[in-house]
Amino acid sequence: MTTEILRDLAARAVPARRVVDAVKRLRWALPLAIALTVVVHQAWESLAYESWSPAQRFLEGVLIYGVVGPLVTYWTLDWIARAIETREAIEARVRRGERYLASITSGSADAIFSLDTEDVVQTWNRGAEEIFGYPPGSIIGQHVGVLVPESLRRRGDLASIRDRLFADGFVRGYRTRRLTHDGREVDVELTQTLLRGEDGGIIGSSVILRDETDRIAAETAIRRLNQELEARVAERTRQLEAAGTALRANNDALVAANHELKQLDALKDEFVDLVSHELRAPLTNINASVELLLSNGMPDGARTKLEIIGHEASRLTRLVQGVLDISRIGAGRLKLLKAPADPADLCRTALMQLGAADRDWRVHIAPGTPAVMADADRVVQVLGNLLSNAVKYSPAASRIDLTVGPAPGGADVLFSVTDQGVGIPAEEVDRIFERFHRVERHDARETYGHGLGLYIARKIVEAHGGRIWVETTPGAGATFLFTLPRAPEEP
Amino acid sequence: MNHHANAGKPANILVVDDDANLLRLLRESLEGAGYQVMDAGNGLDGIKQLYAGRPDLVVLDVMMPRMDGWETLARIREMSDVPVIMLTARDDEADRLRGFELGADDYVTKPFSLAELTARARAVLARAARPHSSGTTPPLVVGDLVIDFSSRRVLKHAEPLPLTPTEYRLLSTLAEHIGRTLSHEQLLERVWGPEYVDEPGYIKRYIWYLRQKVEDDPANPRYVETVRGFGYRLAK
């Protein structure tokens, strides 16, 4: 029985070499042990048997056949049993592994099949059945060529695969097409590997075909989307280019318009120059003529009319001056010749230039008022404008205050001109310093000024780094205030 | 050339303008004020008249055809230090400054009143009439400054300073009394004229201008010193 088991064990190719070796050793060990036992016994018996008592002979027989023999047998069988157990455990693991392996193959969505050396199908998994529509029974034993479309077969598709297979031992990522049972062509990616037997000889090949139809369809869709996208990009680019062309055209038009505007601006400058010179020269002569005539003593009637001419010529002169100032401010050409100036001097000069006016003048320069850093002529112009406004908009003999002192904070000097006139409506207060703005008066008998004076005054004050504003109560007069920076202390 | 009006003889004024009407008006006005008047309708004639008539003052229009007022002034300055008042129809500050640095003594912007022009003419003539040390005093050296009375020039580090006539008069007046303090009134009378003694504002302004050009650090002057509450002096 032992031998049978041993033979059986030996006959089966068991991968666990250790167990086989043990059993092989036992095959010799057991008979040897028995033989040795018999020889020892027989030798002993032949030498000493005669001198032994029956009891000794009995004990000796029991010892050898009853104890040693069974022990050797038990020991041997125990080893064999363990070896078999071990082998069965290993075989179970291997079978389980094979089942997994087989289920991977059989359950795969890819077509997996094997070919013999003549490319005849040997195995055929479920994936292959799904993809190609052949049940295993109808394809196993057939040449793999039945799966190759006619056109590819003619081009030697299989031959080229074989060449590469035998050259490298495998083919991977080979894109081709295969034919299904119902004549459809499917795109596949082929991976084929040579199979070798235990002796290393080639026994065939395994083939994995992955159905690429969906992937290619997806790729095609992506490509189509890409193309659509590219088309849209191209279309958009075309639109943008068109827009760009339109923009360039617009730009050209703007450049042309700008050029025209510049020409107009130059024309305006020329015109201002013309006004500057050609209008001032005759005004000079008119003023001078009037002045001479008046100084020569005229009859009263003529004198009144000459005074009117002189007055109107002065108005025209101021208007021309205002227009020139506006033009200079607009062109950013208002340049200041700044130097320390005494506020008292500035006020005196402004009052002197204003001339006689029937008003109750109250001039107050706070003691210790510092010098201002200013273009004296320009500040006199501002003061003159505020003072003449005060005269214009206040009743005869009313009080006008001209007050100068350090501004709160100390860095500036504050000038203010207060009249007791009609004041300025609240809604006008913010706008009176704007260009060409003039307060509308319902009771106005005549309109004074040109709406330029306060704008020019603001620009001059701001160019000095000062601020100008008005505080007013309609009907109760107005106070115009402005600040100028103080001059640095004289070294 | 002596342009100083003699006490008994009325001063001679040359008026140069291309506007014949204005020439006529100026002549009448100035003659009415007691001056002798010559006139010229363009710059070239003006220079000829300057040679022939040796006027005490030139009133020169800026805007003239062919040779304009600036060029005429430059030609005049090449040969004479006769006082010049410029008439300008453009009151741009650039014009104003340019006129001063080219050696104009004053300027009047059109339209001006005849009374104003006459007053300016009187002031400039009075200034010019005061004896000054032109030609007799050797150049004065103060630190890096050289004040050359004969050529009416001031050099700093050997470079001429672009002083206006008023600035030059202010500096040369201080230089003539170097080390001594001149009061505001003294300076006004000597630099601007007796009729200006009540205009202290001029002093402060022109001292400031002068320091901007003369001093290395105008905030810490080493030449033009302030004597607080009294006046100014040129430091030795």
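The values are calculated or read from the model by the stated rules, or taken from the named source; none is laboratory data. Small disclaimer: the values here were computed from a predicted structure and weren't measured. Cβ sites come from the backbone with ideal geometry, for glycine too, and all protein chains shown count toward neighbours. Protein only, heavy atoms only, side chains kept; ligands, DNA and RNA dropped before computing areas. Shrake-Rupley method; radii C 1.70, N 1.55, O 1.52, S 1.80 Å.
Could I have the simple spin-label model distance between residue A:430 and residue A:333, label points 7 Å from Cα toward Cβ, reported in nm to one decimal?
3.4 nm
As an exercise, use a Förster radius of 60 Å and the Cβ-Cβ distance of residue B:183 and residue A:302 to find the FRET efficiency, rounded to the nearest 0.05.
Values: r = 49 Å, r/R0 = 0.82.
Efficiency at R0 = 60 Å is approximately 0.75.
Keeping the other protein chains in place, figure out the carbon and sulfur percent of the accessible area of the protein assembly as shown, with a 1.4 Å probe. If you can, show how the numbers build up before the last one.
Values: 21960 of 39620 Å².
Carbon and sulfur atoms account for 55 percent of the accessible area of the protein assembly as shown.
Could I have the simple spin-label model distance between residue A:360 and residue B:230, label points 7 Å from Cα toward Cβ, reported in nm to one decimal?
The two pseudo-label positions are separated by 4.5 nm.
5 Å is the cut-off here: which amide hydrogens, built 1.01 Å from N in the peptide plane, fall below it relative to residue B:161, excluding neighbours closer than 5 in sequence?
B:154, B:155, B:156
Any lysines with Cα under 26 Å of the residue A:338 Cα? List them, leaving off those in the same chain fewer than 8 positions away.
A:459, B:110, B:156, B:204, B:213
How long is the gain from residue A:203 to residue A:309 if the chain were fully straight, where each residue apart is worth 0.36 nm and the alpha carbon distance is subtracted?
Gain on extension, residue A:203 to residue A:309, equals 25.0 nm.
Roughly speaking, what is the centre-to-centre gap between segment B:195-236 and segment A:231-266 when only Cα atoms are used, to the nearest Å?
Using only Cα atoms, the two centres lie 60 Å from each other.
Under 5 Å between amide H atoms, partner at least 5 residues away or on a different chain: which partners does residue B:37 have, H built in plane at 1.01 Å?
B:13
Evaluate peptide A:329-339: per residue, the Cβ atoms of other protein chains within 10 Å of its Cβ; return the mean as an integer.
Neighbouring Cβ atoms belonging to other protein chains average 2 per residue here.
I need the peptides B:31-41, A:94-104, B:60-70 ranked by packing, meaning the mean over residues of other C-beta atoms within 10 angstrom, with the highest value on top.
Numbers: B:31-41: 17.2, A:94-104: 11.0, B:60-70: 19.2.
Descending mean neighbour count gives B:60-70, B:31-41, A:94-104.
Using alpha carbons only, how many angstrom separate the centre of segment A:133-163 from the centre of segment B:3-76?
Between the Cα centre of segment A:133-163 and that of segment B:3-76, the gap is 123 Å.
Hey, what's the Cα Rg ratio for chain B versus the globular rule of thumb, 2.2 N^0.38 Å?
Rg over 2.2 N^0.38 Å, computed on Cα atoms: 1.03.
Just the accessible area for residue A:74, please: 1.4 Å probe, Å², rounded to the nearest 10?
150 Å²
FRET efficiency for residue A:392 and residue B:77, Cβ-Cβ distance as r, R0 = 35 Å, nearest 0.05? All intermediate terms of the calculation are to be shown ahead of the outcome.
On the way: r = 46 Å, r/R0 = 1.30.
Efficiency, rounded to the nearest 0.05: 0.15.
From the protein chains alone at 1.4 Å, what is the descending order of accessible area for B:177, B:184, largest first? Intermediate values should be presented prior to the final figure.
On the way: B:177 35, B:184 55 Å².
From most exposed to least exposed: B:184, B:177.
How much accessible area is lost when chains A and B come together, counting both sides, with a 1.4 Å probe, in Å² rounded to the nearest 100?
3100 Å²
Per residue and in Å³, how big is the convex hull formed by the alpha-carbon atoms of segment A:76-197? Kindly include the intermediate steps, with their values, before the conclusion.
Numbers: hull volume 16.8 nm³, N = 122.
Expressed per residue, the convex hull around the Cα atoms of segment A:76-197 is 138 Å³.
Pull up the cross-link candidates among the aspartates and glutamates for residue B:236, meaning alpha carbon to alpha carbon under 17 Å and not fewer than 8 places away within one chain.
B:144, B:148, B:176, B:215, B:216, B:225
Counting only helical runs of four or more DSSP H residues, what would the 222 nm mean residue ellipticity of chain B come to if each run contributes -39,500 (n - 2.57) and the total is spread over all its residues?
Mean residue ellipticity at 222 nm (helix-derived): -11500 deg cm²/dmol.
Consider just the alpha-carbon atoms of segment B:117-201 and return their Rg together with their Dmax, both in angstrom.
Just the Cα atoms of segment B:117-201 yield Rg and Dmax of 13.5, 41 Å.
Considering Cα pairs under 8 angstrom that are at least six residues apart, work out the relative contact order of chain A and quote it in whole percent.
8 percent
For the protein assembly as shown, report the translational diffusion coefficient in µm²/s to the nearest whole number, using Stokes-Einstein at 10 °C, 1.306 mPa s, and a Kirkwood Rh over Cα pairs.
Values: Rh = 38.1 Å.
Value of D from the Cα-based Kirkwood radius: 42 µm²/s.
Can you put A:373, B:79, B:86 in order of accessible area, largest first, using a 1.4 Å probe?
Numbers: A:373 30, B:79 65, B:86 5 Å².
Reading off the accessible areas and sorting them downward yields B:79, A:373, B:86.
Beyond 24 Å, how much of the Cα-Cα pair distribution for segment B:12-129 remains, as a whole percent?
The proportion of pairs with Cα distances above 24 Å equals 13 percent.
Could you order B:27, A:238, A:328, A:153 by accessible surface area, starting with the largest, using a probe radius of 1.4 Å? Provide the component values of the computation, followed by the final result.
On the way: B:27 75, A:238 130, A:328 10, A:153 110 Å².
Listed by decreasing accessible area, they come as A:238, A:153, B:27, A:328.
Please give, to one decimal in nm, the separation of the simple spin-label points placed at residue A:152 and residue A:489, each 7 Å out from Cα toward the Cβ.
The answer from the label model is 10.3 nm.
So if R0 is 30 Å, what FRET efficiency would residue A:96 and residue A:172 give, r being the distance between their Cβ atoms, rounded to the nearest 0.05?
0.55
Eigenvalues of the Cα gyration tensor times 5, then square-rooted: what semi-axes does that give for segment A:335-485, in whole angstrom, largest first?
Working: eigenvalues 118, 59, 40 Å².
Whole-Å semi-axes of the equivalent ellipsoid: 24, 17, 14.
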